[in-house]
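Encoded as structure tokens, the structure appears first; notes follow it.
The values are calculated or read from the model by the stated rules, or taken from the named source; none is laboratory data. Keep in mind that this is a model prediction, so the values were computed, not measured. Neighbour counts are summed over all protein chains in view; Cβ atoms, including those assigned to glycine, are modelled from backbone coordinates with ideal geometry.
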């Protein structure tokens, strides 16, 4: 439904992005937002219980990369989200960046606010750039996996899937994918939602989403699991806490330069012009 | 080439099998080996630098399950493997069980010995049962992944693949798969050996292999990754330490009761008679 001529890009980061070295992902966010001199960045700390530390981390990181206009936006209580200050900053920004923490907290405090509608409207029709790392990545799609066990075999009922920010349809995103052993919980969520596409983002690895395509950036890989090709699932025949069977899923691992078409569900090879 | 009428079964365990509760996997090994009163079990501690502790653990576990005839077999120096004592125990046993430790150590000390030929011959033609857990599972196939980093994105050259004990062709086995975040290293090995099938065994989860089929036992899942369907790999075009791209792999997660035909590369649904 979205008009990709006016819709802004999304930069969805698997957590722990480089803040000291080449900093390719943070640099990309700045460039997308207008460049160091012109970018106006709002740092959304709503996901974390330690908003001052999160803000400090990104004010420093973006500041060192030459960003001149940057403000933290703290939403600690539900009523904060629709304050004039928050609305003004979301009107002002060219780029909005969500830090890590808890995706459940992020969406609980912000997802239902008029400020979130404002942000989505500016993203859809004014090219606003939205970035998110860790919990800020998990929360970006229509639906999101909320906290669940890691390093575990896929089981029915292992994860809860809740509404996210609604920026990407039909995908479930895990951050810290390789580093925190989250294959089992992504598969558990896909067994319950076999129409979704599973995306596992490693740390310091990002998706740059434009319209219905993304390209991978950073040092790790994006694991793509497509359950639409499944030949068998035991999900409807077992009780909660029972181990899942899933047969015939399609699996891709995509590093920097590779991409994916979310509509066609097809990987994209690196563009020679990149 | 093997005659499955005389060839023994293999019980390949992803590590940390239950030794206190239902103990379904250890019970299965005993039953396969002739039952508590008749089984003659040799505990092969060759993989570990702490053979006395490993032997004690399994002497106790099998003893509590009623096994009456059980001996530890320690191979600490290369010359130990072909001692008369080791040969006699491998002639005597109805079941040979390899403990955990290092699969590299296991194969270095035992894989080239005449004692290993003796074991394989009795397995092929006399129905000897062979079990292995953790490193003892990884070492079972023709080829094995030796120690490598975990919790990491797939990279070229991340793992070394060496000769194993030669009991299963064309598969690579990872133990502790979910618990130790080993997806990246299994994918790294498969990128280098795309003719192989990747099997990731979770803890307290086992493959019962008979001929070219296996069935899953235990509480976790076996992850099966088949690279033969791959539509793209960047393996031959990148340098060591570069991140891998693999597209179009086939992926299954199989819990207890499910199985797999290794020749047809097809999952097997639970048998109603089980």
- Message: Could you tell me how many of the residues in the range A:133-156 are more than 21 Å from residue B:181 (Cα to Cα) and either at pLDDT below 95 or in contact with a helix residue (DSSP H, G or I) (Cβ under 8 Å, 6 or more places away or on another chain) (or both)?
- Response: 3
- Which of the residues belonging to the range A:123-157 are free of Cβ contacts under 8 Å to residues at least 40 places away in the same chain and either within 14 Å of chain B (Cβ to nearest Cβ) or buried (at least 19 other Cβ atoms within 10 Å of the Cβ) (or both)? A:138, A:141, A:149, A:150, A:151, A:152
- Task: Hey, could you check the range B:173-197 for residues that are within 12 Å of the chain's Cα centre (by Cα) and in a strand (DSSP E or B) and say which is farthest from the other protein chains (Cβ to nearest Cβ)?
- Result: B:173
- Item | Count of residues meeting criterion [under 17 Å from residue A:147 (Cα atoms) and more than 13 Å from chain B (Cβ to nearest Cβ)] in the range A:198-218 | 1
- Note on the structure: Within the range A:175-197, residues free of Cβ contacts under 8 Å to residues at least 40 places away in the same chain and within 28 Å of residue A:117 (Cβ to Cβ) come out as A:195
- Item | The one condition in (1) surrounded by fewer than 21 Cβ atoms within 10 Å (Cβ to Cβ); (2) at pLDDT 95 or above that residue B:189 fails to fulfil | (1)
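Per-residue answers, yes or no, for (1) at pLDDT below 95; (2) within 14 Å of residue A:47 (Cα to Cα):
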{"site": "A:78", "(1), (2)": "yes, yes"}
{"site": "A:81", "(1), (2)": "no, yes"}
{"site": "A:85", "(1), (2)": "no, no"}
{"site": "A:94", "(1), (2)": "no, no"}
{"site": "A:97", "(1), (2)": "no, yes"}
{"site": "A:107", "(1), (2)": "no, yes"}
- Query: Tally time: how many residues in the range B:39-66 are within 20 Å of residue B:92 (Cβ to Cβ) and outside any helix (DSSP H, G or I)?
  - Reply: 10
- Message: Being more than 7 Å from chain A (Cβ to nearest Cβ) and at pLDDT below 95 is the requirement here; does residue B:272 meet it?
- Response: yes
- Query: Does residue B:66 qualify as being farther than 30 Å from residue A:252 by Cα and in contact with a helix residue (DSSP H, G or I) (Cβ under 6 Å, 6 or more places away or on another chain)?
  - Reply: no
- Breaking point among (1) out of contact with any helix residue (DSSP H, G or I) (no Cβ under 6 Å at 6 or more places or on another chain); (2) more than 30 Å from residue B:180 (Cα to Cα); (3) not in a loop (DSSP other than H, G, I, E, B), for residue B:118: (1)
- Task: Could you grab me the full set of residues in the range B:121-132 that are assigned to a helix (DSSP H, G or I) and closer than 30 Å to residue B:178 by Cβ?
- Result: B:123
- Query: Just a yes or no: is a residue in the range A:84-96 closer than 19 Å to residue A:176 by Cβ and in contact (Cβ under 8 Å) with a residue 12 or more places away in the chain?
  - Reply: no
- Name every residue in the range A:235-261 that is more than 8 Å from chain B (Cβ to nearest Cβ), touching a strand residue (DSSP E or B) at 6+ places or on another chain (Cβ under 9 Å) and free of Cβ contacts under 8 Å to residues at least 40 places away in the same chain, in order of residue number. none
